[in-house]
Amino acid sequence: MTIAAQTAARSRIITVGGGKGGVGKSLVALNLAAALAQDGLRVVIADLDLGAANQHLLLGILHPGPGLQALLDKSVTEAKGCLIDTQVPNLRLLPGTSGVLGAANLAHSQKVLLLRKLRALEADIVVVDVGAGVGYNALDFFDLGSRKLLVTTPQVTALHDAYAFLKSAVLRLLRHSVDEKADAALLEPATSSAGMDKVVQILGQLREIRPELADRVFRELERFGACMVGNQVINEAHTGVFAAVAHTMHDYLGLKVPVLGWLRSSPGIHESVNGRRPIALEPRNKDAAAFRTLARALLATLEADERNQGVVDAAAVDEPSAA
């Protein structure tokens, strides 16, 4: 793979997570992946819900093979060797682990290996289905994405857990962005803050102590790349709650979290699970159209990022070298 292709692959990893189980993140991940594949993109969906993988079932694949486990035990050296074709043209699956004792407890070296293999996949888009909860594996997989989709429902418990998940993911990423123990200690007040403490104010205090560290932290916040997807909406009047929560995330975490869109609660979407066929494949279905709209909105955000990166790269090239 060329350097340009490697850069493109890394820049188009989409992670899909949520604060709790039951918000529909796996269905959102699958149908977005299917919609993107229908637009002619080469898409891989990677099931990283460790120990509870079910993307193969949603796709009607009863015997997915070793998949992720083969990478972890190194019986297969490259992720492309674990991919399997699906019923969706242009969409391949990296099957996860399900019912394997200890699968959810990755060693650090295994996690590093897996992240490296995912980044090296040759695909236009890699959609990563992340496990629920705030365990380190889920947070690290979520942080892998250049675009991070936070799935939540309008219920207050789901919104609370979505905020907690996003806060944990941000602070985990910031902690990984510093090497020095002294810098890590300066971040400690933020990482140990209570649920509704204003993290952005705590981090702002760094400007008086270590301005260069503060600049790095706020650059990370600016390019974090999270978007929200509202799911299982029964009453359209309730959709305003997503924008309200996004506003709270900006006030408390310093993150811009635009609402990419929302999906209604639909019997058809639920029936697609038993039918083992992504609803995004249905040509004249209202729910399928909603996923296609979400997919195109997602692509628009990626293309905007790439244009901005192009401006930054051009500026770096044109910048005169020091004498």
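When ASP179 is tested against the conditions (1) surrounded by 14 or more Cβ atoms within 10 Å (Cβ to Cβ); (2) under 16 Å from ARG216 (Cβ atoms), the lone failure is (1).
Going through ARG216, ARG264 one at a time, which residue ends up being basic (Lys, Arg), within 23 Å of the chain's Cα centre (by Cα) and closer than 30 Å to ILE61 by Cα? Only one candidate qualifies: ARG264. Residues that are closer than 15 Å to THR15 by Cβ and charged (D, E, K, R) were ranked within segment 118-133; the one that is surrounded by the fewest Cβ atoms within 10 Å (Cβ to Cβ) is ARG119.
Set side by side, the residues ARG292, ARG277 differ, and just one is part of a loop (DSSP other than H, G, I, E, B), within 23 Å of the chain's Cα centre (by Cα) and either surrounded by 14 or more Cβ atoms within 10 Å (Cβ to Cβ) or at pLDDT 95 or above (or both), which is ARG277. Give segment 61-92 a look and list any residue that's surrounded by 21 or more Cβ atoms within 10 Å (Cβ to Cβ), in contact with a helix residue (DSSP H, G or I) (Cβ under 6 Å, 6 or more places away or on another chain) and at pLDDT 95 or above, or say none. VAL88, LEU91, listed by residue number. The condition (being closer than 22 Å to ASN54 by Cβ, assigned to a loop (DSSP other than H, G, I, E, B) and touching a residue at least 12 places away in the same chain (Cβ under 8 Å)) is satisfied by just one residue among LEU121, LEU149: LEU121.
Figure legend. Inter-residue proximity from segment 251-262: first residues without any contact (Cβ under 8 Å) to a residue 40 or more places away in the chain and closer than 17 Å to ARG219 by Cβ, second residues assigned to a strand (DSSP E or B) and among the hydrophobic types (A, V, I, L, M, F, W, C), beta-carbon distance below 9 Å, spacing 6+ or different chains. Indicated pairs: LYS256/ALA226. Do the conditions hold for LEU58, that is, is it within 18 Å of ALA33 (Cα to Cα) and either modelled with pLDDT of 85 or more or in contact with a helix residue (DSSP H, G or I) (Cβ under 6 Å, 6 or more places away or on another chain) (or both)? So LEU58 passes the test.
On the given criteria, is ALA190 over 22 Å from LYS20 (Cβ atoms), surrounded by 19 or more Cβ atoms within 10 Å (Cβ to Cβ) and more than 22 Å from the chain's Cα centre (by Cα)? Spelling it out, ALA190 is indeed over 22 Å from LYS20 (Cβ atoms), surrounded by 19 or more Cβ atoms within 10 Å (Cβ to Cβ) and more than 22 Å from the chain's Cα centre (by Cα).
Evaluated against (1) part of a loop (DSSP other than H, G, I, E, B); (2) at pLDDT 90 or above, GLY19 falls short on exactly one condition, (2). Figure legend. Inter-residue proximity from segment 195-216: first residues surrounded by 13 or more Cβ atoms within 10 Å (Cβ to Cβ), second residues of a type outside the set (Ser, Thr, Tyr) and not in a helix (DSSP H, G or I), beta-carbon distance below 6 Å, spacing 6+ or different chains. Indicated pairs: VAL200/GLY254. Here is the figure for segment 160-174: residues that are touching a Ser or Thr at 6+ places or on another chain (Cβ under 6 Å) and more than 13 Å from LEU253 (Cβ to Cβ) total 0.
Scanning segment 29-57 for residues that are in a helix (DSSP H, G or I) and surrounded by fewer than 24 Cβ atoms within 10 Å (Cβ to Cβ) yields a total of 3.
The values are calculated or read from the model by the stated rules, or taken from the named source; none is laboratory data. Please read these numbers as outputs of a predicted model, since none were measured by experiment. When we count neighbours, we look across all protein chains shown, and the Cβ atoms used for this are built from the backbone with ideal geometry, even at glycine.
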